[in-house]
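The values are calculated or read from the model by the stated rules, or taken from the named source; none is laboratory data. Treat the numbers as computed from the prediction; the structure is a model and nothing was measured. Here the Cβ positions follow ideal geometry from the backbone for every residue, glycine too, while neighbour counts run over all protein chains shown. Just so you know, the surface numbers come from the protein's heavy atoms only, side chains and all, with ligands and any DNA or RNA stripped out. Shrake-Rupley method; radii C 1.70, N 1.55, O 1.52, S 1.80 Å.
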Amino acid sequence: MGRYRHLLHIVVFMIIVGLTLDMEKNPFTPLESPVIMETVKTTDPLYAEIKQKAKKYEEPAQNAYIDKVWKKTPGRNGLKVNVEKSYAKMKQEDGTFTESKLVFDQTAPEIDLKDLPAAPIYRGHPEKKMVALLINVSWGEEYIPEMLSILRDNRVKASFFIEGKWAKNNAELVKMIAEQGHLIGNHAYNHPDMARLSNQSMVDQIVQTNDILKAITGSTPKWFAPPSGSYNNHVVEVSHHLNMETVLWTVDTIDWKNPSVSVMLNRVNNQLHPGATILMHPTAATERGLEQLISSIKEKKYKLNTIEKLTEPKR
């Protein structure tokens, strides 16, 4: 019994020595507590300066609205300085206030596109440095593989609005478009003049096409581009009732006229603007000029993305 008691004393002694040594290795450990560190930060003149100047750099969010000319117009997120992250970034570098090192959070608007009544969409937010390529497809299947290759090589996502009848006959191409991450939209079933149809025929054109595209891709389109841009209030109301947005454009390549590459580029460049929607088709002219068109847009510091990304309030 005495032997076990002796061993127990040795074990307890070793534990005490170990704890003592550990404390000696980190004599300042208590100073690293969150409460003390928070106090040091909030009394730092740099932290106070960032907090004081934060309001100067904030921008309020802008609500989506209906413009008299451009109809349904997306909102835009606001900006708010993240004081904590800005402080950490500046402190890590040189410890002085630097405007370019401010870190911002985005704040959402109160009214989004989905909150607005039925109206067509022509463009993204007029201050958003992004454009969308809208590719209406009801013919031209021979040009699509090369166009997809160019889009892939340039890391660009486009919006393909596909006719139902064409999709039924070219299911593999539709799958290829979807698998490469492009947006698939609805372009009616057989390219009618939507404005001349009865309400029931409008519904049939859109729903039949949605059913075909869903059967091929697994997803129901949320975006509708009326053939030839022909629409009236009934078309937009029907689309809205089907939980879809009606999309038009602000820049037309007129590629169906088979222009030269330079003519097509000049036409787009002369009309390019923030939030632009650029109409094109699978044609020989687009196949020839697509790569140069993308390069030209990027040189002007515009991003290219789908109509969905273009109309998001995210900056």
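Could you say whether any residue in the range 76-94 is at pLDDT 95 or above, exposed (fewer than 12 other Cβ atoms within 10 Å of the Cβ) and on the phi < 0 side of the Ramachandran plot? No, the range 76-94 has no match at all.
For the range 42-75, the tally of residues that are open to solvent by 40 Å² or more (accessible area, probe 1.4 Å), under 19 Å from the mean Cα position of the chain (by Cα) and under 16 Å from Leu310 (Cβ atoms) stands at 1. Restricting the first member to the range 256-284 and to residues that are in contact (Cβ under 8 Å) with a residue 40 or more places away in the chain, and the second to residues that are loosely packed, with under 15 Cβ neighbours inside 10 Å and of a type in the set (Val, Ile, Thr), no beta-carbon pair is closer than 6 Å while six or more apart or on different chains. Checked against (1) open to solvent by less than 50 Å² (accessible area, probe 1.4 Å); (2) under 26 Å from Ser295 (Cα atoms), Pro120 passes all but a single condition, namely (2). When restricted to residues that are open to solvent by 10 Å² or more (accessible area, probe 1.4 Å) and touching a Leu at 6+ places or on another chain (Cβ under 8 Å), the range 293-305 contains 5.
Taking the condition in a loop (DSSP other than H, G, I, E, B) and either touching a Ser or Thr at 6+ places or on another chain (Cβ under 6 Å) or buried (at least 16 other Cβ atoms within 10 Å of the Cβ) (or both), does Val156 pass? Judged against the criteria, Val156 is a match.
Ile162: out of contact with any Leu (no Cβ under 8 Å at 6 or more places or on another chain), modelled with pLDDT of 95 or more and surrounded by 21 or more Cβ atoms within 10 Å (Cβ to Cβ), yes or no? Criteria not met by Ile162. Do we find a residue being more than 18 Å from Val247 (Cβ to Cβ), in contact with an Asp or Glu (Cβ under 6 Å, 6 or more places away or on another chain), aliphatic (A, V, I, L, M) and open to solvent by less than 40 Å² (accessible area, probe 1.4 Å) anywhere in the range 100-114? No, because not a single residue in the range 100-114 is more than 18 Å from Val247 (Cβ to Cβ), in contact with an Asp or Glu (Cβ under 6 Å, 6 or more places away or on another chain), aliphatic (A, V, I, L, M) and open to solvent by less than 40 Å² (accessible area, probe 1.4 Å). When the range 80-92 is filtered for residues that are in contact with a helix residue (DSSP H, G or I) (Cβ under 7 Å, 6 or more places away or on another chain) and of a type outside the set (Gly, Ala, Ser), the ones remaining, listed by number, are Val81, Val83, Tyr87, Lys89, Met90, Lys91. Identification of helices (runs of 4 or more DSSP H) wholly contained in the range 192-292 with 1 or more residues that are of a type in the set (D, E, K, R) and either in contact with a Cys (Cβ under 8 Å, 6 or more places away or on another chain) or buried (at least 22 other Cβ atoms within 10 Å of the Cβ) (or both) yields no element.
Of the residues in the range 178-190, at least one is buried (at least 17 other Cβ atoms within 10 Å of the Cβ), out of contact with any strand residue (DSSP E or B) (no Cβ under 9 Å at 6 or more places or on another chain), in contact (Cβ under 8 Å) with a residue 24 or more places away in the chain and part of a loop (DSSP other than H, G, I, E, B).
Taking Glu142 and the conditions (1) more than 14 Å from His281 (Cβ to Cβ); (2) open to solvent by 30 Å² or more (accessible area, probe 1.4 Å); (3) not β-branched (Val, Ile, Thr), which numbered condition does it fall short on, given that it satisfies the others? The failed condition is (1).
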